Amino acid sequence: MFAILNRTHKFIQSALLFTGLSATCMVSAQSGAPWIHDPSTLAFCDGKWYTFGTGGGGLVTDDGWNWHSGPVRPGGGAAPDVVRIGNRYLVAFSGTGGGLGGGHNGRILTMWNRTLDPQSDLFRYSEAQEVASSDGDEDNDAIDPGLLLDPVTGRLWVSYGTYFGHIRLVELDPETGGRKDGNKAVDVAIDCEATDLIWRDGWYYLLGTHGTCCDGVNSTYNIVVGRSRNVEGPYLDNVDRPMLQGGGKMVIHAGDRKTGPGHFGRTVIDEGVEIMSCHYEADYDQSGRSVLGICPLLWRKDWPEAGERLREGSYYIESERHGYALELSVDFQRQQVARQRHWGIDPNEKIAPLPEQTLSEVQESWPKGDIPVRLGDYMFRPHQKWVITAVPEAGGYLSNPYFKICIEGTDRALSVTADCELTTVAGFTGAPEQLWRIEQCTDGTFRIMPKRLPGSPTDNTTYVLYAPADSTPILARWDFSTDNSKWQLKKD
């Protein structure tokens, strides 16, 4: 949490005022009031997403896009984390440390709750219990806990620490949330803080925040990672440098007018669709405030890295299955340009660029009503060029608002029929079947799904744009194992 340089009491007081997002993306931050510092991993409870931050509060959202204050966490302190175990939520937080009050004598505490909704009759935190501490002189600072419930063994772990010494790991009892009897702390890293542990495909990954914090636009925070086959390490980076020697592969750094990403959290949305959360120390488009950040989480050669939230713009939409492009099902209009033969070329003839086919040259020949879509060879023609535009008033999901997808230069919008077939309507109306959820997958491709199927009372989380053959796309169930479900969005 509070990093090595310039840890004056004045900086600490300023940092504690930040209590809510963005990543490299097409808008500056999630909608609402996404201001927070040291956010926990996102937690889902009764239809809402929660995250807790330094100071006792946090953020909540109904749709994943519009965030506002509301969560309650007693005990104050800094840098909480949360994990669901059975039908309860375990919250860990640091009581002191991190240079607060000028010292590094910290404590890690845990407490339980049946729900995260403060309006629920079940909402009641248990008494906090201490699971780790530091005396201010040893080579550790007990702050910034990160929880891992091992999905294979069922064992529970918490990592903690800052630049003031080692990052340490201790085992907790998943029944009580207290420290395992006789468990001794293990040193796993140096030169980082705000760590988080995750498990994936036989590897344990230790995510650490590197650089300086609590200095606004001058904060140098970034997130690095090492991995191990053993939860207790050793953790090595991509060139086998131990994190106990300062190693770590970059996951995310400053960019897109936001500085200082720190406090990693992983959330699995679906098979092959994951996001990472963090905070940015300063968002240049939000007065330099510390904001919640959410972006796609990619896996390259079994290493995590941040993807980019989708930017508005012109794209061609290419099937990962065979590389064909999504297009209007209209007659192909030939350009009236003389063919340049490859033989008999006059070397003295002046070379001149050719104009591309324009919308005005072909649009009058298109039907006026609905036009189905198909797949075809990409020729950068008007019936193949799409503009993706955010519709933030329609809400969103974790990482983005909903989008409309229209033929460039027109209001003709991609839509779903009552028979769940793909078509385009002459004009975008904002109907839910004309709104699209576009998420980057862990392999860098995209899945594209309508917000709602016609006649359905609930939002769609299952059916996606799907290419089962070479010509006609359909809607089908999401299946990460097949390229039929996946698409590339390429700039024209």
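Throughout, read-outs are computed from the coordinates displayed, never taken from laboratory work. Values in this document were obtained by computation on a predicted structure and should not be read as measured data. Every residue, glycine among them, receives a Cβ derived from its backbone with ideal geometry; neighbour counts consider all protein chains shown.
Quick notes on this structure:
- Charge dipole (the stretch 216-359, unit charges on Cβ, about Cα centre) - positive-most of 233, 358, 323: 233
- Counting other Cβ atoms within 10 Å as a rough exposure proxy, the listed residues 319, 69, 314 run 314, 69, 319 from fewest neighbours to most.
- 5 angstrom amide H check on residue 253, placed H, neighbours 5+ away: none
- As a rough guide to protection, the peptides 123-134, 440-451 ranked by mean Cβ packing within 10 Å, highest first, stand as 440-451, 123-134.
- Each residue of the stretch 473-484 is assigned a 3J(HN,Hα), and the resulting list reads x, 9, 9, 8, 5, 4, 9, 5, 6, 10, 5, 4 Hz, derived from the Karplus form 6.51 cos²θ - 1.76 cosθ + 1.60 (θ = phi - 60°), x at Gly and Pro.
- With Cα atoms as the point set, the stretch 313-379 shows a radius of gyration and Dmax of 16.4, 49 Å.
- A Cα-only calculation for the stretch 192-345 places Rg and Dmax at 22.1, 72 Å.
- Rounded to whole Hz, the Karplus (6.51, -1.76, 1.60) HN-Hα couplings of the stretch 345-350, x for glycine and proline: 6, 7, x, 8, 5, 6
- Computed [θ] at 222 nm, helices only, for the chain once each DSSP H run of length n ≥ 4 contributes -39500 (n - 2.57): -500 deg cm²/dmol
- As a size descriptor, the averaged projected area of the C-alpha convex hull of the stretch 361-492 was calculated at 8.4 nm².
- Size of electric dipole in the stretch 148-202: Cβ of Lys, Arg +1 and of Asp, Glu -1, about Cα centre, debye, nearest 20: 100
- What you get for the chain, charging only the Cβ of Lys and Arg (+1) and of Asp and Glu (-1), is a dipole of about 400 debye around the Cα centre.
- Ranking of 354, 310 by count of other Cβ atoms within 10 Å, fewest first: 354, 310
- The ranking of 37, 210, 279 by Cβ neighbour count inside 10 Å, starting from the fewest, reads 210, 37, 279.
- Using only side-chain charges placed at the Cβ, +1 for Lys and Arg and -1 for Asp and Glu, the dipole size of the stretch 169-244 relative to its Cα centre rounds to 160 debye.
- Across the stretch 455-463, computed HN-Hα scalar couplings (Karplus, 6.51 cos²θ - 1.76 cosθ + 1.60, θ = phi - 60°) run x, 8, x, 10, 5, 7, 10, 10, 8 Hz from first to last residue, x flagging Gly and Pro.
- Amide H contacts of residue 451 (H built 1.01 Å from N, under 5 Å, at least 5 apart or other chain): 435, 436, 437
- Between the stretch 327-342 and the stretch 442-473, the C-alpha centres lie 31 angstrom from each other.
- Hull-based mean projected area of the stretch 9-306, where the convex hull spans the alpha carbons, in square nanometres: 14.1
- Residues whose amide H falls under 5 Å from that of residue 324, counting only those 5 or more places apart or on a different chain, are 319, with hydrogens built in the peptide plane.
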